[in-house]
Amino acid sequence: MLNDWKRHRAARRVKPGDGRPLKHYRWWQMLLGRSLLHLRLTGADARPVDYAVDVRTMGDKQDGEVRARLYRDGALHAQAKVPAAFSVEGGTIEVATSSFGVKRCHYVTDDGTERLLTPDPASGEGRRARFAAEHPSQSRVVGIVAVVLLVVGLGLNLVQLLEPLSRIPPVAEHIGVFESPIHLPLWLNITLGAGAALASTERALRLRYHWLLDGGAS
């Protein structure tokens, strides 16, 4: 959940939408970093209201900024740079991204209860959720492998970085030079980096995020 300061700042960035219609999700938009999630609430008149949050995690074509767009009953209702906080019936929809996709898209009620929005079935998040529902055991294995790749990659990188950092004169004078027991060839470092990127992408499709494992965020 966004803290009070971040939520207040995010709410100030919200701008009204122009009513343009929500475009259907096309399968190839997974490659372009489009995320689309849905939420149905009950309006003031007791009728259902359908919300959709559309995020282009690679940034808008115009300026490269990552924005979340909120559609109400299929029409653009509001938009904001991420992290975003949209006021809706009974609470707030909070949206945040990482370097690899959407890390948070939750409906937070006024009493603090959280609910993850439902990914569009055609989106990458929706396909990953369907895989988890249809193949729970395999899904857990994929999730575990992703965490292992990130932990191994992070650990090896830290060990290799300690040696050059320890050779900085002020550091070397106070604590000495650390001799790394691991010196991986360039091709293996590149392979581990690619594996870590794939693992973070897989976690982003499940809206899983940890600040240490999954890198930068907004």
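The values are calculated or read from the model by the stated rules, or taken from the named source; none is laboratory data. Values in this document were obtained by computation on a predicted structure and should not be read as measured data. FYI the Cβ positions are ideal-geometry reconstructions off the backbone, even for glycines, and counts take in every protein chain you see.
Listed values, structure above:
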| item | result |
| --- | --- |
| Cβ pairs under 8 Å, 6+ apart, first in the stretch 117-142 and under 16 Å from R104 (Cα atoms), second surrounded by 13 or more Cβ atoms within 10 Å (Cβ to Cβ) and of a type in the set (D, E) | P119/E125; G126/D120; R128/E202 |
| Criterion violated by F131 - all others in (1) at pLDDT 95 or above; (2) farther than 16 Å from F100 by Cβ; (3) in contact with an Asp or Glu (Cβ under 9 Å, 6 or more places away or on another chain) satisfied | (3) |
| Filtered residues of the stretch 119-144 (kept if small (G, A, S) and surrounded by fewer than 12 Cβ atoms within 10 Å (Cβ to Cβ)) | A133, S137 |
| Matching residues, the stretch 32-91, being of a type in the set (G, A, S), buried (at least 16 other Cβ atoms within 10 Å of the Cβ) and in contact with a Pro (Cβ under 8 Å, 6 or more places away or on another chain) | S35, A78 |
| Residues being out of contact with any Gly (no Cβ under 9 Å at 6 or more places or on another chain) and under 25 Å from I93 (Cβ atoms) - total across the stretch 132-155 | 1 |
| Positions within the stretch 166-179 being part of a helix (DSSP H, G or I) and either surrounded by 11 or more Cβ atoms within 10 Å (Cβ to Cβ) or on the phi > 0 side of the Ramachandran plot (or both), in sequence order | S166, V171, A172 |
| Subset tally (residues that are within 16 Å of the chain's Cα centre (by Cα), without any contact (Cβ under 8 Å) to a residue 60 or more places away in the chain and not in a loop (DSSP other than H, G, I, E, B)) for the stretch 32-78 | 7 |
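Yes/no matrix, rows are residues, columns are (1) closer than 23 Å to T57 by Cβ; (2) among the basic types (K, R):
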residue	(1), (2)
E163	no, no
A172	no, no
H183	no, no
A194	yes, no
S200	yes, no
R203	yes, yes
